[in-house]
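The values are calculated or read from the model by the stated rules, or taken from the named source; none is laboratory data. Since the model is a prediction, treat every value here as computed from it, not as a measurement. Neighbour counts run over all protein chains shown; Cβ positions are idealised from the backbone, glycine included.
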């Protein structure tokens, strides 16, 4: 199967923006702010157990997202969903003082977490970490988290639209305290994986358990082979080609089987695939 260019879906959000990343057209005057751009596999239903295992999004924030949490595979499947939701973020641009909340400042019990969500003191219990361009984070299911304003990032996640909102700063949006508290692991965040350079131009940002995430810089000329696993490719910069087709920033692609990839010197590319265990031969010359 040749490389498949994914379709895009723009998602309006109250915390979104009208000026987006340069690869995307901004929102016309009077239009609602866009918070997310999703990349979907043509003809396949998101979240379906038989559908794609991963979902790629761009996020554009002008305000704080809710403090939230996601269930793991077992918890989600018990509710009839295909899978839980681990996710990872790669920061493309960050305004001064931008931050992301990851975990809690100390170990707390779920009763205290629930009380804090009800009275708003949960804002003081989560760990707001300063972030900058090129930072990356892998966030396992159960991590209490929130994304702050002034950020443009790529999110790679298990493909399910399942979020439990714990707190939304007094807005009238629905909360999911019963389910959210039940799946929360309110402890300080410890990165499950330390990013490292695997070889020149190839950095491993995360290795499982739900997916592997890599970042490549050019030049690259290789025949991609995914050891039976599908590959998601997200070009961030550089105009390369894949199976002879243009491969510009602002697109995303799914490769099943193999594909010829050629990237120039200035290329910047995210590569993701499900499961754990880096495919060592993936970037072979």
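When 205, 224, 213 are screened for being modelled with pLDDT under 95, buried (at least 20 other Cβ atoms within 10 Å of the Cβ) and not assigned by TED's automatic domain parsing to the domain that holds residue 71, only 224 passes. Cβ-Cβ distances below 9 Å connect the following pairs, each with a first residue in segment 224-253 that is without any contact (Cβ under 8 Å) to a residue 24 or more places away in the chain, a second residue that is outside any strand (DSSP E or B) and surrounded by 15 or more Cβ atoms within 10 Å (Cβ to Cβ), and a separation of six or more residues or different chains: 247/3; 247/238; 247/267. Looking at this structure, is residue 283 outside any strand (DSSP E or B), buried (at least 16 other Cβ atoms within 10 Å of the Cβ), over 21 Å from the mean Cα position of the chain (by Cα) and not assigned by TED's automatic domain parsing to the domain that holds residue 160? So residue 283 passes the test. Can you pull out the residues in segment 191-218 that are farther than 21 Å from residue 76 by Cβ, outside any strand (DSSP E or B) and in contact with a strand residue (DSSP E or B) (Cβ under 8 Å, 6 or more places away or on another chain)? Of everything in segment 191-218, those that are farther than 21 Å from residue 76 by Cβ, outside any strand (DSSP E or B) and in contact with a strand residue (DSSP E or B) (Cβ under 8 Å, 6 or more places away or on another chain) turn out to be 191, 193, 195, 201, 218. In a residue-by-residue description of segment 57-74, the property of being farther than 21 Å from residue 175 by Cα and modelled with pLDDT under 95 applies to no position. With 16, 103 as the choices, which residue is at positive phi and surrounded by 15 or more Cβ atoms within 10 Å (Cβ to Cβ)? Answer to the selection: 103. All of 169, 138 fail the test of being part of a loop (DSSP other than H, G, I, E, B) and at pLDDT 95 or above, apart from 169.
Of everything listed in (1) buried (at least 16 other Cβ atoms within 10 Å of the Cβ); (2) within 15 Å of the chain's Cα centre (by Cα); (3) in a strand (DSSP E or B), the single unmet condition for residue 127 is (2). Out of all the residues in segment 153-164, which are farther than 15 Å from residue 67 by Cα and surrounded by fewer than 20 Cβ atoms within 10 Å (Cβ to Cβ)? Within segment 153-164, 155, 161 qualify. Do the conditions hold for residue 104, that is, is it closer than 21 Å to residue 189 by Cβ, in contact with a helix residue (DSSP H, G or I) (Cβ under 7 Å, 6 or more places away or on another chain), assigned by TED's automatic domain parsing to the domain that holds residue 141 and at pLDDT 95 or above? Yes; evaluated as a whole, the condition is true for this residue.
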